[in-house]
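Single-structure report; data block below.
Throughout, read-outs are computed from the coordinates displayed, never taken from laboratory work. Quick caveat, the model's predicted, so the values are computed rather than measured. In this analysis, Cβ positions are derived from the backbone assuming ideal geometry, glycine residues included, and neighbour counts consider all displayed protein chains.
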Amino acid sequence: MAKLHVSTTINGEPTEFLCEPSQSMLDVLRGPLGLTGSKEGCGSGDCGACTITLDGRLVCSCLVLAAEAQDREIRTIEGMAEGDRLHPLQQKFLEMAALQCGICTPGVLMAARTLLEQNPDPTETEARFWLAGNLCRCTGYDKIIRAVLDTAAEMREAAR
Amino acid sequence: MLKEPHVGAPRSRVDGRAKVTGEAKYAAEFPAPGLAHGHVVSGAIARGRITGIDTTAACAVPGVLEVFTHENRPRTAWFDYKHRDEVAPPGSPFRPLYDETILYSGQPVALVVAEDSGTARHAASLVRVEYEAGAHETDLLRAREDAYVPPKRRSGISPPPKPRGDAVAALAEAPLRVEAEYRIATEHHNPMEMHATTVVWEGGGKLTVHDKIQGVLNSQGYICNVFGLSKEDVRVVSPFVGGAFGSGLRPQYQLFLAVMAALALKRSVRVVLTRDQMFTFSHRPETINQVALGAAADGMLRAIRHDAIGATSRFEDHQEVVVNWSGLLYHCDNVELGYKLAQLDIHTPADMRAPGAPLGVFALESAMDELADKAGIDPLELRLKNYAETDENEGKPYTSKELRAAYRLGAERFGWSRRSAAPRSMREGRELVGWGLASGVWEAQMQQTSARAVLTADGRLEVATATADIGTGTYTILAQIAADAFGLPMESVTVRIGDSSLPKSPIEGGSWTAASAGSAVQAACHAVRETLFRHARGAEGSPLGNADLDHVAFVDGRIVLAADPDRGIGLIEAMRAGGAERIEHEQTASPDKANQKRYSSYTHSAIFAEVRVDEELGVLRVTCIVTAVAAGKILNPKTARSQVIGGVVWGMGMALEEETLADHRLGRFMNHNLAEYHVPVNADVHDIDVIFVEEQDSRTSPIGVKGLGEIGIVGTAAAIANAIHHATGKRIRDLPITLDKLLERPPAERAR
């Protein structure tokens, strides 16, 4: 079957790629586009390691067809820092030891950023349930939640 | 004024930036020109043989390069010992695509290699395999009848100690007795990163291999032995490992398949397993424990018997230390411990976070709780009463043991004294509240490890050893140790690990990496210091004069007199004075054999758990865990706390969620995905508090470290199960404790 030509925007950059009709967004990100920050932890939408946003909406990129990216806006972990300046969540994750092996980390950060964009002042329970679809085997989660809530407080303070 | 050292301070992960930005590269992410992709075809039966494989349709798919099966695979080494890796248990190691024999369900039966991964995956679905099935057995409850004492012990795994006293007679005479059977389900490691290997064909027969492995030298040795390659031609490089928890101790079959394909096709090949294939190799063996405790009316232990049966494969005797803990956690004169294996048609189990310990300790610590109930004694008091001052298995003193302090500090933080003794006596609204505790224990070890340190005239320091960082924090603690040796900022230190060309290190496991690699790095740095110091003293007009190394300090990139820190010489100046552009030393750190002979070394913990159980629905939450850990010196409270909390949540998983369920008619694990194999998620976790108990230990390792990777999980499941009993009055002896078991009336009684 002929490959599809897709024009999209990834992390603010207009991007074009060719893909098979059956290829997942995750495959294209990690393969031809070389954006390996999004991880494959299951390929079935169970673990959240491949979390990206599509027009601002959180999705598991393993469950999105690459062709669906046509004329959409994609954000991945590679676009989270601004140049050398880490996003406040990235900085806080680093300082508060909210990461260990690093496989779930990009997905957790993408999900946490979207949470704070939609709800700048989440309760602990809200944060825990929002991030319940991002599995982590190393950290025991505690530090992730503390880091998200601390970042939220700091970002609120900074926005005042 | 000497600055605060890095060691002991809560430093952030030096590899953190690479991980929060997605830049860190893992085994499946290294690019290679002309990379081909392999997809594994998994076998469908549990036992029997392949009678035919039809690869015609798969081979006909455009882009498919080759389909490898047992019929056309390249030749590999003949002898078993060539297939044995560094940590293989006794037996005959599994050989992928070896012949038509099927040894377990999910066994790889073919590898499809194509120009891209999608094509390989599609073509793999077209491979037709015909089987002749034989009778299989995957049910441990049936196979237990044929359990046997493993004839050959696994290296590094102590068999049960010889009996002491007469446990049978003492048990018969004991006024208080607890006898019960405790079972722990099969679990799978499920690190978030799937097992993967990228083999880069460098030309001229040379390979660079990026493998998901906890010890690059183990992969290198295995490949060289199996394929008859020279170590000069195979370099294994794995700077980052996305979790492993033991699944990456032994080289797994994707490594074999990727190297095989690369050698045959003479090009670069990557093989990534799928999540369901992550259930087709290593796992924690299902284990049955029978425990009998006898005690005097005041709770003093008179007899301990503990017999365990663990599952293993038909081809290897995987062994763990399951029962020995029962001989050393408490003082008791009459102890008899036994450990057997039962063979099933499964892949060989593997070490999984604290192999053995959480299984046996769950049984012992549950039984102790039952004994406390029977004796009418507070469970904490019972443990203090029976406290073991020495290792009675070996008859040796401990290098250090601050478990008593751990009990006290944990109980204070948790508020244990406010516990009301009777089950079902604490509640809040619809929820029953239960408080339980348990002890944890893990052997503290150090392994011989080599490291290199290189100081260059630009003031940078590089330290290197072939160990791994599987998310534990190895990079960070090694940077701390190295920086302290020279009074340098951590930013001046580069740590290189995960590369088989670096100085020799054992696999990363057993909680020994900090003690071992840390001691080796320190030794190498100290050797560099000596050379540097000679240069410094020899410098013209050196302020160090005749001072010896013991009387100087390395501060802020300078060597200064400890008594007069204003007098000193810069590191770079000292190197220039000696005409040295670089100072390089390699050192090997080994455990102290004399100490090992005289002392036993263990880490300990006291775990306190609170659960809340909805009385009508049985919905259960672990609302608080306090764990007090005595593990010698803590190099970095930040990474240390991470390790322990991670372990605690593994204990929660073991207690409540993790279970790989087999359909014994098919002989296959059925819930082979992360939707149905439940691990704790963010929403399951509430307050977890870690206390590090002050513990001085100069005998386990030169740097005072005892290790932390495993201790967090050991005992946690027991503390939770005991809390559940306290909340509900139900004693559940089968892990995990799922809703159905909680709601069952009357509660399943396994007590004899």
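Here are the numbers for this structure:
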{"quantity": "Highest to lowest packing among B:716-727, B:303-314, scored as the average C-beta count within 10 Å", "calculated": "B:716-727, B:303-314"}
{"quantity": "Out-of-range pairs (alpha-carbon distance over 24 Å; input B:162/B:374; B:231/B:706; B:212/B:633; B:212/B:597; A:92/B:401; B:82/B:504)", "calculated": "B:162/B:374; B:231/B:706; B:212/B:633; B:212/B:597; A:92/B:401"}
{"quantity": "Stretch gain in nm, segment residue B:158-residue B:206, where the contour uses 0.36 nm per residue and the Cα spacing is subtracted", "calculated": "13.3 nm"}
{"quantity": "HN-Hα J in Hz across the stretch B:455-470 - Karplus 6.51, -1.76, 1.60, θ = phi - 60°, x for Gly and Pro", "calculated": "9, 10, 5, 8, x, 9, 10, 10, 10, 8, 7, 7, 6, 10, 10, 9"}
{"quantity": "Per-residue HN-Hα couplings for the stretch B:413-430 [Karplus 6.51, -1.76, 1.60; θ = phi - 60°; Hz; x = Gly/Pro]", "calculated": "4, 6, x, 4, 5, 8, 6, 8, 5, 5, x, 6, 9, 10, 8, 9, x, 7"}
{"quantity": "Computed [θ] at 222 nm, deg cm²/dmol, the protein assembly as shown (DSSP H ≥ 4; -39,500 (n - 2.57); rounded to nearest 500)", "calculated": "-7500 deg cm²/dmol"}
{"quantity": "Longest site-free stretch - chain B; sites: chymotrypsin sites (Phe, Trp or Tyr not before Pro), DSSP loop, at most 15 other Cβ within 10 Å", "calculated": "B:99-752"}
{"quantity": "Relative contact order of chain A, defined on C-alpha pairs under 8 angstrom at six or more residues apart (%)", "calculated": "22"}
{"quantity": "Share, in percent, of DSSP beta bridges within chain B that are antiparallel, nearest 5", "calculated": "80"}
{"quantity": "Built amide H within the under 5 Å cut-off of residue B:601, gap 5+", "calculated": "B:399, B:444"}
{"quantity": "Residue-wise HN-Hα coupling along the stretch B:199-210, computed from phi with Karplus coefficients 6.51, -1.76, 1.60 (Hz; x: Gly, Pro)", "calculated": "9, 9, 7, 8, x, x, x, 8, 10, 10, 10, 9"}
{"quantity": "Residue mean of other protein chain beta carbons inside 10 Å, A:143-150", "calculated": "2"}
{"quantity": "Simple Cβ-charge dipole of the protein assembly as shown, Lys/Arg +1 and Asp/Glu -1, about Cα centre, in debye nearest 20", "calculated": "1180"}
{"quantity": "Shielding score for B:6-14, defined as the mean number of other chain Cβ atoms within 10 Å", "calculated": "2"}
{"quantity": "Amide proton proximity set for residue B:555, modelled H, under 5 Å, gap of 5+", "calculated": "B:560"}
{"quantity": "Exercise: per-residue mean of other protein chain Cβ atoms within 10 Å, B:686-697", "calculated": "1"}
{"quantity": "Built amide H within the under 5 Å cut-off of residue B:43, gap 5+", "calculated": "B:106, B:107, B:109"}
{"quantity": "Cβ-defined net charge surrounding residue B:645, 14 Å radius [Lys, Arg +1; Asp, Glu -1]", "calculated": "+1"}
{"quantity": "For a label point 7 Å along the Cα-to-beta-carbon line of residue A:118, residues of the stretch A:27-58 with backbone N under 14 Å", "calculated": "A:52-58"}
